[in-house]
Structure formats: C-alpha cells, structure tokens
1. Which is at pLDDT 90 or above, surrounded by 11 or more Cβ atoms within 10 Å (Cβ to Cβ), part of a helix (DSSP H, G or I) and touching a Leu at 6+ places or on another chain (Cβ under 9 Å), of VAL67, VAL44?
2. Restricting to the stretch 353-408, count the residues that are more than 24 Å from PRO325 (Cβ to Cβ) and over 31 Å from the mean Cα position of the chain (by Cα).
3. From the list VAL133, VAL103, VAL117, which one is surrounded by 14 or more Cβ atoms within 10 Å (Cβ to Cβ), β-branched (Val, Ile, Thr) and closer than 24 Å to THR327 by Cβ?
4. Taking the condition of a type outside the set (A, V, I, L, M, F, W, C), touching a residue at least 60 places away in the same chain (Cβ under 8 Å), within 26 Å of SER408 (Cα to Cα) and part of a strand (DSSP E or B), does GLY324 pass?
5. Has the stretch 184-193 got at least one residue that is surrounded by fewer than 17 Cβ atoms within 10 Å (Cβ to Cβ), at pLDDT below 95 and part of a loop (DSSP other than H, G, I, E, B)?
6. Report yes if some residue within the stretch 409-416 is under 26 Å from the mean Cα position of the chain (by Cα), buried (at least 20 other Cβ atoms within 10 Å of the Cβ) and assigned to a strand (DSSP E or B); otherwise report no.
7. Taking only the stretch 262-297 into account, find how many residues are over 20 Å from LEU322 (Cβ atoms), without any contact (Cβ under 8 Å) to a residue 40 or more places away in the chain, touching a strand residue (DSSP E or B) at 6+ places or on another chain (Cβ under 7 Å) and not hydrophobic (A, V, I, L, M, F, W, C).
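The values are calculated or read from the model by the stated rules, or taken from the named source; none is laboratory data. Since this is a predicted model, take the numbers as computed values, not measurements. All Cβ positions, glycine included, derive from the backbone under ideal geometry; neighbour counts span all protein chains shown.
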Amino acid sequence: MGTLHAKSPEPDEAEGPKMDLQALKARVQRVHVDGLARTKDDLVINTVRDVFTAQDFQSVILKIHEVRTRLSKLGCFKEVGVFIDTYEGPDALDDGIEVTFEVRELNLLGAKVNTSVGNNEGSVSTGGLLKNVFGRGEELSCEYSHGTKKSSSFFTTFTKPFHNDAATVLSGSVYQQGSEAPWSGYKELDRGVLLSLAFDSAPQVQQKLVLEGVWRYLSCLSRSTAFAVREQAGHSLKSSLRHQLFVDKRDDAVFPTDGVAFTLKNELAGLGGDIGFLKNEVDMQVNLPLPADMVIQGGVIAGHLLPLRNNKTHCITDRFSLGGPTTVRGFEMCGIGPHSDGCSLGAEMYWAAALHAYTPLPLLHRGGTISEKFRLHAFVNTGNMGDFILTDNFKENLRTLVRDMRLSYGAGLAMNLGGFARVELNYCIPLLVQRGDRPSHGLQFGVATDFL
C-alpha cells in the first residue's frame with residue numbers, strides 16, 4: 001500500500017476567495033408555505049411578504065431569517081424549515097429565487113406541566129389547552145396549580161394575539177384562587193374574572209392594562225388570629241383597573257452586570273363593589289460593573305395606598321407588607337410594621353432600599369458552569385412602613401418617612417435557578433429594629449423571581 005501524505009491547508013487556502021453577498025443580485029419571485037391546515041392564509045401572507053423587498057442575496061438571507069423567526073412566534077407552528085432554490089417559472093428573472101417554508105402546525109390538543117417560583121414559594125401546575133384554535137394563534141387553557149404554602153388556583157384563560165408591531169395580546173380569564181397568610185393569621189379565597197391587554201410601547205418597554213372583578217372571602221386561619229384581623233373577615237366585592245409599566249434594559253434578569261430595570265404599578269379600585277382605593281407602587285434597580293467581575297447593585301421600592309372616601313373601604317389584603325428574605329432581609333416574612341398579637345396588619349405606605357455587592361465564587365474558572373450559576377454577595381437593607389400622614393412640607397415628610405426606619409446587613413450565597421429565578425442563603429444581622437417587628441438574626445433562605 002502506498003503512503004498518504006497530507007497537511008493542514010494554509011489559512012489563506014482554507015478561507016478561499018471572499019465573496020461580497022451584497023454584490024450578488026437576487027430577488028424573491030415566489031414563496032411557498034407547505035403544511036398549512038388550520039392556520040389562516042392572510043396571517044401567513046402578511047408575515048412572509050417582507051421577503052419580496054430584498055434586492056441582493058445578503059438581504060434575501062436576512063429577510064428569510066426574519067420571516068422564519070416571525071413564523072415561529074405566531075403560536076401556530078412547532079417547526080419551520082426553509083428551502084431556497086432558483087425560480088424557473090415562465091416569468092423567471094436571471095436572479096429570481098423561489099423560497100419554500102415547510103411548517104408543522106401545533107396539535108390542537110395539548111397538555112402542560114410547569115413549575116414556578118413566587119414570593120418565597122414554589123408551585124406546580126398542570127392543565128390542558130387548545131392551541132391555534134381559530135387559526136391565528138389563539139389559545140384556550142385550563143390550569144390548576146398548587147403551592148408549597150397551601151396556595152391553590154384554577155384558571156380558564158383565552159388568549160388572542162394580534163401579531164402587530166406592538167406585540168399586542170388580549171386575554172380573558174375566569175379564576176378561583178386560595179392562599180394563606182400565616183404572618184397575618186388569615187386565609188383568602190378569591191373568585192373573579194379579568195380582562196387584560198398587554199403590548200410593547202417601545203423596545204424593552206412593556207405595558208399591561210387589566211380590568212378585574214373579584215369576590216373575596218377572608219377567614220381566620222386559627223384561633224390565635226388577632227381581633228384586629230378577625231374584624232376584617234368576611235365577604236367583599238372589588239372591581240379595579242390596573243396598569244403596569246415595565247422597562248428592562250439589564251443584560252440579565254437574574255444576575256445582571258449592567259443596566260436598569262423600572263416597574264410602575266397603578267390600581268384604581270372602586271368602579272363597583274364595596275372596596276375603593278388608589279394604589280401606586282414603584283420598583284427600580286440599577287447595576288454598575290466593576291473590575292474583577294464585581295457588580296454594585298442598588299434597588300428602591302415604594303408604595304402608597306390612598307383610601308377613597310365615597311363610602312368605600314379596604315381591608316388587610318389590600319394593604320402593603322414589608323420584610324422577609326426577598327425584601328428587607330434580616331426580618332421574618334412581613335415582619336416589619338404594625339402588629340397585633342403577633343399578626344402583621346400591613347400599612348398604607350412603605351419604602352425600602354438595598355445596596356448589594358456581587359462577585360463570582362473565588363478559585364473557579366470564569367465562564368464555567370458553576371461560576372455562572374453562583375454569586376457571593378454582601379448587602380445593606382433599609383426600609384420603613386406605616387400609615388404616615390404627609391403634608392406639603394417636603395422636609396417634614398422626609399423626616400416622617402425615615403423616622404423609626406429599619407436597617408440590616410449581611411452576606412450570603414445566591415444561585416441562578418433556571419435563568420428565571422434566584423435562590424439566596426444569607427446570614428443576616430438586623431441593626432435597627434422597632435417595637436412590634438419580628439427580626440430574624442442568622443441564616444435566612446429565600447427563593448423568588450424578584451428580589452430587592
């Protein structure tokens with residue numbers, strides 16, 4: 001047998017001559033979409049028409065990629081393939097191209113099982129759904145969920161996307177959900193309907209409008225529930241209009257190294273029923289990168305509830321609560337503010353702030369799986385809550401808000417949980433505590449999607 005000699009090609013030989021794709025003239029003359037059954041033709045036509053605007057081969061490839069992405073996001077298909085060939089029709093041009101999109105539609109019937117993380121609580125949900133019901137990405141779902149802290153819910157939801165530049169989605173739900181608040185000694189059962197409209201008003205800026213009507217039933221959790229909570233038990237009807245503005249310019253939702261996030265929530269209750277108030281909340285986070293992969297993070301949250309005076313009322317479930325591993329660390333859940341016989345009563349106004357320093361785990365390879373999942377952090381938390389009475393005097397209002405404020409500090413380990421939530425194990429030291437608070441000195445565990 002002979003001997004074969006081979007060598008790696010030189011870099012110039014491997015690359016070959018460079019080709020300018022913009023200099024190659026190309027035009028899409030025909031588009032096929034194979035595999036359509038329930039999906040409406042007009043929706044697909046409006047989605048793929050942009051490929052006809054390309055005038056060279058590079059723009060053709062880019063437009064095809066954009067259209068493929070848009071088809072995948074319609075909520076109609078589980079697979080989208082692309083094939084490109086020369087067009088050979090009777091009116092074919094020298095640079096004519098024919099594009100074929102091969103799609104596989106979603107099955108009409110589906111089932112899902114999900115796990116989610118809330119405010120220091122995990123839950124599992126299961127349900128069934130009808131997908132692409134009327135051929136334009138509509139979805140009808142029924143879902144039951146159960147949480148680790150005895151919460152449960154059942155939702156039947158219809159969702160209608162509009163596939164416009166604002167990514168508008170209209171949805172309506174009928175629901176029942178129950179929850180327990182052991183820190184306040186009550187449990188709540190809600191039955192209601194809601195209609196929501198979500199849309200993007202600008203890049204990285206989402207807004208949502210929600211119209212909701214709910215029948216609520218509050219009852220005592222145990223015999224030890226404070227009388228101040230017992231007297232609020234019973235039935236109530238609330239109808240409200242909510243608005244939420246969310247701006248997220250961070251580079252990561254769990255462990256951001258740069259960017260700003262801002263949330264504004266407004267709720268007007270009293271359109272009907274016996275509950276009436278105006279509630280506003282704000283949440284802001286700023287991240288600044290430092291050398292050695294360190295990050296300084298600052299966060300501020302605040303809220304104000306203004307009761308309506310036209311024979312409307314509000315109860316403990318409408319009021320704000322503060323304290324716990326996801327807000328002001330070093331205190332038990334809802335452990336800050338007015339209490340009666342060990343039960344948190346909430347308040348009409350609160351504010352809290354936090355300063356964090358994050359750093360990767362030492363002695364680990366940067367960019368590795370473990371180093372990406374974990375962070376060491378030190379923090380200082382402060383805040384206050386109460387039924388403060390404010391005036392037109394700014395300095396006096398400032399003194400009122402910071403008087404008797406709480407302060408804690410500590411350090412711990414944070415872990416990225418699936419790219420959407422965070423787990424923290426911290427050693428906390430409460431420094432400023434007021435009478436009636438429930439401080440938590442030592443180790444504190446928290447899991448949630450949003451932390452202060």
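1. VAL44
2. 14
3. After applying the criteria, what remains is VAL117.
4. For GLY324, the condition - of a type outside the set (A, V, I, L, M, F, W, C), touching a residue at least 60 places away in the same chain (Cβ under 8 Å), within 26 Å of SER408 (Cα to Cα) and part of a strand (DSSP E or B) - is not met.
5. no
6. yes
7. Count: 4.
Residue-wise test of (1) out of contact with any Leu (no Cβ under 9 Å at 6 or more places or on another chain); (2) at pLDDT 90 or above.
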site	(1), (2)
LEU390	no, no
LEU398	yes, yes
LEU401	no, yes
ARG406	no, yes
ALA411	no, yes
ALA414	no, yes
LEU417	yes, no
ARG422	yes, yes
ASN426	no, yes
